[in-house]
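Notes to accompany the following structure.
The values are calculated or read from the model by the stated rules, or taken from the named source; none is laboratory data. What you are looking at is a predicted structure, and each value in this text was computed from that prediction instead of being measured. Using ideal geometry, Cβ is built from the backbone for each residue, glycine included, and neighbour counts are taken over all protein chains shown. Surface areas here come from the heavy atoms of the whole protein model, side chains and all, with no ligands, DNA or RNA. Shrake-Rupley method; radii C 1.70, N 1.55, O 1.52, S 1.80 Å.
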Amino acid sequence: MSIIKLHDKYFKTYISEEKIASAVKKLVKQVSKDCKKETPLFIGILNGSFMFVADFVRKYKYNCEVSFVKLASYEGTNSTGKIKQLVGLNESLEGRTVIILEDIIDTGNTLSEIYNIFKDKKLKSLKIATLFFKPDVFKKELPIDYIGIEIPDKFIVGYGLDYDGLGRNLSSIYQITTKPTVKNILLFGPPGVGKGTQADLLKTKYNLVHISTGDVFRSHMKRETKLGILAKSYIDKGNLVPDDVTIKMLKSVVNKVPASNGIIFDGFPRTKAQAIALDKFLEEKGETIGGMITIEVPTNLLIARLLERGKTSGRADDQDENKILNRFNEYFTKTEELKEYYLAQNKYFGVDGVGEIKEITKRLSDVYEKL
């Protein structure tokens with residue numbers, strides 16, 4: 001689950017891809033029972049119904065034909081109440097069973113126009129199947145034969161539905177929501193990039209809370225909490241701590257943070273599963289991740305920096321170039337799927353990490369202030 005921004009508005013996950021698929025399957029079963037002995041003509045109402053029609057007819061196992069008409073009734077997030085037929089049907093429909101596949105029925109204005117369009121076509125029968133239905137605002141005395149999911153009167157996008165052109169390609173349904181109130185960010189960077197220094201500077205500058213996964217682990221293990229003991233049992237065996245344990249630790253910390261303008265998550269999430277869990281957790285709190293910000297420095301510069309640091313740090317893994325390369329390989333392997341995950345949400349930002357500390361802080365600040 002997540003919160004996304006389309007144009008000037010925010011939307012939160014509302015109906016999952018799995019629930020949509022289940023609703024489509026239910027509608028196909030109902031229509032099949034009524035129409036399997038004939039060849040119905042399924043007509044999709046563009047643009048919103050194209051995903052629904054595609055999934056519906058793929059699941060329909062009997063003979064059928066498919067066509068489309070295009071109508072328009074929305075401007076922005078408001079129904080205009082004015083219907084314009086943009087593309088019609090040319091073939092004869094006399095004696096045919098026609099089933100309209102609608103993505104959503106709310107006020108019924110589009111449905112009323114559909115009945116007007118087809119009333120003189122000499123059909124055998126006209127049936128209406130809608131994936132989504134808003135009973136609270138439906139004002140027409142018109143029949144709807146098949147209903148997938150009833151929803152409240154809130155604007156939605158996804159699965160063919162859009163907000164001023166955006167959102168049709170989303171596989172789930174998102175519901176309009178308020179702007180998130182907390183600017184949480186993920187701060188990433190390969191070893192030696194100076195991430196800890198920058199996290200402390202941003203924390204002070206913007207009144208943020210800095211949560212480091214490493215610090216969380218060490219705190220729990222030092223205090224010998226139930227989660228700390230469990231995490232230590234994995235670490236002592238050389239195994240990775242399971243996602244559910246890490247997430248529980250993080251939640252316990254986040255729920256106790258003092259009032260602030262947001263959180264810098266450092267070293268978390270490490271997997272896509274953790275990222276999804278974090279999105280869901282924050283959404284329940286009315287918050288979101290503003291972005292994944294990565295401090296980027298050429299690998300050859302970082303290797304030289306770590307080798308130089310190793311002369312005084314005493315850290316064995318800063319003194320062996322092969323060990324340093326292994327750390328880089330592990331970092332880039334793990335963060336690649338996270339980068340793709342946040343890129344898909346337009347929430348990934350790479351920041352040049354070469355230069356003076358103040359210069360890098362300025363670049364990070366410029367990104368943070370735009371989120």
Degrees between helix 299-313 axis and first principal axis of the chain (Cα, 0 to 90, nearest 10): 40
Tell me the angle of helix 213-223 to the major Cα principal axis of the chain, expressed in degrees between 0 and 90 and rounded to the nearest ten. 70
Fully extended contour minus Cα-Cα distance, from Ala273 to Lys139, at 0.36 nm per residue: 43.9 nm
Counted charge near Phe68, where neighbours are those whose Cβ lies closer than 14 Å (Asp, Glu -1; Lys, Arg +1): -3
Amide H proximity to Thr177 below 5 Å, modelled H, separation 5+ or other chain, gives Tyr10, Phe11, Lys12
Two-site FRET efficiency, Val257 against Gln30, from Cβ-Cβ distance with R₀ of 30 Å, rounded to 0.05: 0.05
Under a Cβ-only charge scheme (Lys and Arg +1, Asp and Glu -1), can you give me the dipole magnitude of region 121-179 about the Cα centre, in debye to the nearest 20? 320
antiparallel share of DSSP beta bridges within the chain, to nearest 5, in %, is 30
What's the FRET efficiency of Lys226 with Lys358 using the Cβ-Cβ distance as r and R₀ = 35 Å, to the nearest 0.05? 0.20
Spatially near lysine pairs across region 152-238, Cα under 24 Å, sequence gap of 8 or more or different chains: 11
In nm, to one decimal, how far is the Arg218 label point from the Asp162 one, both placed 7 Å along Cα→Cβ? 5.2
How much net charge surrounds Val354 when only the other residues with a Cβ under 11 Å from the Cβ of Val354 are counted, with Lys and Arg +1 and Asp and Glu -1? -2
Could you check the simple spin-label distance between Glu17 and Asp320, using points 7 Å along Cα→Cβ, in nm with one decimal? 4.2
Rolling a 1.4 angstrom probe over the protein chains, ignoring ligands and nucleic acids, what is the accessible area of Val69 in square angstrom, nearest 10? 10
Under 20 Å from a point 7 Å along the Cα-to-Cβ line of Thr107: which residues of region 30-49 have their amide N that close? 45-49
Cα axis of helix 243-254 to longest principal axis of the chain: angle in degrees, 0 to 90, nearest 10? 80
Just subtract the alpha-carbon distance of Asp120 and Lys285 from 0.36 nm times their residue separation and send over the number in nm, one decimal. 54.1 nm
So what is the relative contact order of region 155-266, in percent, for Cα pairs below 8 Å that sit 6 or more residues apart? 30
Calculate, in whole percent, how much of the Cα-Cα pair population of region 213-271 lies beyond 19 Å. 27
Return, for the Cα atoms of region 260-371, the radius of gyration and Dmax in Å, separated by a comma. 16.2, 47
Over region 220-303, what is the mean sequence separation of C-alpha contacts under 8 Å (at least six apart), divided by residue count, expressed as relative contact order in percent? 17
Surface accessible to a 1.4 Å probe, per residue, for the residues of region 250-335, Å²: 51
Can you tally the net charge around Tyr234? Count Lys and Arg as +1, Asp and Glu as -1, for every other residue whose Cβ sits under 13 Å from the Cβ of Tyr234. -1
What are the residues whose amide H is under 5 Å from the amide H of Met292, where those residues sit 5 or more places off or on another chain and H is modelled from the backbone? Leu186, Tyr348, Phe349
Please find, in a Gaussian network model of the chain (springs between Cα atoms separated by less than 10 Å), the residue of Lys347, Lys12, Lys122 whose mean-square fluctuation is greatest. Lys122
Looking at the chain as a GNM with Cα springs under 10 Å, which of Met221, Met292, Met249 has the largest mean-square fluctuation? Met221
If I take R0 = 41 Å and measure r between the Cβ atoms of Asn329 and Glu38 in this structure, what FRET efficiency does the formula 1/(1 + (r/R0)^6) give, to the nearest 0.05? 0.10
Taking H placed 1.01 Å from N in the peptide plane, check which residues at least 5 places from Ile99 or on another chain put their amide H under 5 Å from its amide H. Leu41, Phe42, Ile43, Lys127
Give me the aspartates and glutamates in straight-line cross-link reach of Lys26: C-alpha distance below 18 Å, same-chain residues under 8 apart excluded. Glu17, Glu18, Asp34, Asp55, Glu102, Asp103, Asp145, Glu150
Sorted by average packing, counted as other Cβ atoms within 10 angstrom per residue and highest first, what order do 224-237, 269-282 take? 269-282, 224-237
Note on the chain: contact order normalised by length, alpha-carbon pairs under 8 Å, 6 or more apart, percent, works out to 16
